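Read through the structure below, which is laid out as C-alpha cells, and then see the notes.
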Amino acid sequence: MKQITEFPNIPLGILPTPLYRLENLSRELGKNIYIKRDDMTGVGLGGNKVRKLEFLLAEARAQGADVVLTAGGPQSNHAMLTAACAARLGMESILVLKKRGTLTGGNLILDGIFGASVRMVDTDSYEEVYAEMERLMAQLRSQGRTPYAIPVGGSVPVGCLGYVNCAREIANQAEELGVHFDAIVSAVGSGGTYAGLTLGAKLFLPGARSVGVGVCDDPFAEISLGLMQETARLLDCGVQPEAGDIHIHYHIGPGYAMPSSEGCAAVRRLARAEGILADPVYTGKALAGFFELMGQGAFDQDNDILFVHTGGAGALFAVEMPAEA
Ligand SMILES: *Cc1c(COP(=O)(O)O)cnc(C)c1O
C-alpha cells in the first residue's frame, strides 16, 4: 500500500478536527453518539471539501495551474471553499454554477468576498455546466493560462484521499478515547466523502459500518463503489471494495437543496441539544436520515456511533427553513 503522505498535499485545513461525545443527544437516544467536527476544518465556514482540496489543489499546483475552475449549484459549499483555498494559494478561481433554487445570499456572498468569478449557467443539467467550463478552459489556454478543473464536489479519486485520511484521523482519535465505533454516518451529495470514509473505514476502522444518507437522487451505491474501487487502485491498498461495504439510505425530502420538515427539525434538535449548527441541505437531512434509521432499528446492535459533520453553515443564510410545526 502507498502511504497517503506520498501523494502531493497542501495543508489548508486546521486538522485534526475535534471528535467528542454528544452528551445530550446520547442521553436522548440511549446510545453513545459522537461527532466529528469537519464543519470546523478552518477555512471559510468550514466543511468537508477542504480535505479534498488539499489533494486536488496540490495536483493543480504540480501541473502549474494558475486558475481553478469548478462547478456546483448556486449555493455550493464546495465552490465557496474552492474559492477560499485557491485565493490562499494565489490562484484565480472561476465558479460555474447551475442556476436553480436560491440565487442570492449565503455562499454567493462568500464567493464574492473570496474574490471568485461566478458564472451562472441557466440550466438544469450539469452537461451544459461542464460544456461552459470546457469553453472557458479553452479560452484561458488560448490566453496562455493554465487552468485546472475540479468536477462537482471534488468527487474524484484524488479528492477521496482526503476522506481516507479522515478515517485514519478518526481511528487515532477513537484509540485515544478508548472507543470502538460500530457505525459512522455521513451525508452523501456527490459521493466522494462517503467513498473515502468507507474505504478508510475498511482500512483503519475494522468493525465500523459506514452509513451514508443521500440528499439527492443519484445512484449512490454504484457511484460510491466505483469511487472506492478507483481510490483503492490509486492507493494500491490491496483491499477490494465490495457492494456489501456500502449502506445508503436516502433522505431527499422535496428535492436536492429544498428543505424537508424532518431535516429542519434535526437542525433545530442538534442546535438546541448541543449548540452545533447543521444545515438544511446536507447535514440536517443526514441527521434526519440517521434518526429515521434509528427508529427502524437499524442501529439496535450498535453502541458507539459517529456522526461526521460535513459543514454547510452557509446555506442557513440562503435557504428558507419552514416555521416549526
Ligand atoms: C458537499 C457536501 C457534502 C457531501 O459530500 P460529497 O463528497 O459531495 O458527497 C456533505 N455536506 C456538506 C455540507 C457538503 O458541502
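We did not get these values from a lab; they are worked out from the coordinates using the rules stated. Bear in mind the structure is a predicted one, so any value in this text is a computation, not a measurement. Here the Cβ is made from the backbone with ideal geometry for all residues, glycine too, and neighbour counts use every protein chain on show.
General remarks:
- Complete set of residues in region 209-224 that are more than 12 Å from the ligand (Cβ to nearest atom) and either part of a loop (DSSP other than H, G, I, E, B) or touching a residue at least 24 places away in the same chain (Cβ under 8 Å) (or both): R209, S210, V211, D217, P219, A221
- Total residues in region 225-258 satisfying the condition of being in contact (Cβ under 8 Å) with a residue 40 or more places away in the chain, out of contact with any Gly (no Cβ under 7 Å at 6 or more places or on another chain), more than 29 Å from K2 (Cβ to Cβ) and assigned to a loop (DSSP other than H, G, I, E, B): the figure is 1.
Yes/no per residue for (1) surrounded by fewer than 16 Cβ atoms within 10 Å (Cβ to Cβ); (2) over 30 Å from C237 (Cβ atoms); (3) touching a helix residue (DSSP H, G or I) at 6+ places or on another chain (Cβ under 7 Å):
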{"residue": "T82", "(1), (2), (3)": "no, no, yes"}
{"residue": "L97", "(1), (2), (3)": "no, yes, yes"}
{"residue": "L110", "(1), (2), (3)": "no, yes, yes"}
{"residue": "G115", "(1), (2), (3)": "yes, yes, yes"}
{"residue": "T123", "(1), (2), (3)": "yes, yes, yes"}
{"residue": "M133", "(1), (2), (3)": "no, yes, no"}
{"residue": "I150", "(1), (2), (3)": "no, no, yes"}
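- Residues that are small (G, A, S) and outside any helix (DSSP H, G or I) were ranked within region 268-285; the one that is surrounded by the most Cβ atoms within 10 Å (Cβ to Cβ) is A278.
- Qualifying residue in region 184-191 (condition: touching a residue at least 60 places away in the same chain (Cβ under 8 Å) and assigned to a helix (DSSP H, G or I)): no
- Residue count for region 297-325, restricted to those that are surrounded by 19 or more Cβ atoms within 10 Å (Cβ to Cβ) and of a type in the set (D, E, K, R): 1.
- Scan of region 286-308 for residues that are part of a loop (DSSP other than H, G, I, E, B) and among the acidic types (D, E), ordered by number: D300, D302
- Yes/no for A265 being part of a loop (DSSP other than H, G, I, E, B) and away from the ligand (no atom under 16 Å from the Cβ): no
- Residues being farther than 9 Å from S210 by Cα and within 8 Å of the ligand (Cβ to nearest atom) - total across region 171-194: 7
- Meets criteria (within 18 Å of N9 (Cβ to Cβ) and of a type in the set (K, R)) for R119: no
- Verdict on G154 being touching a residue at least 24 places away in the same chain (Cβ under 8 Å), under 26 Å from M80 (Cβ atoms) and not β-branched (V, I, T): yes
- Positions within region 299-315 being more than 13 Å from the ligand (Cβ to nearest atom) and either among the hydroxyl-bearing types (S, T, Y) or touching a residue at least 40 places away in the same chain (Cβ under 8 Å) (or both), in sequence order: F299, Q301, D302, N303, D304, I305, L306
- Sub-9 Å Cβ pairs linking a first residue in region 126-139 that is in contact (Cβ under 8 Å) with a residue 40 or more places away in the chain to a second residue that is in a helix (DSSP H, G or I), at least 6 apart or interchain, are Y126/V152; V129/V152; Y130/V152, ordered by first then second residue.
- Residues of region 238-266 classified as surrounded by fewer than 13 Cβ atoms within 10 Å (Cβ to Cβ) and either under 13 Å from A325 (Cβ atoms) or among the aliphatic types (A, V, I, L, M) (or both), total: 1
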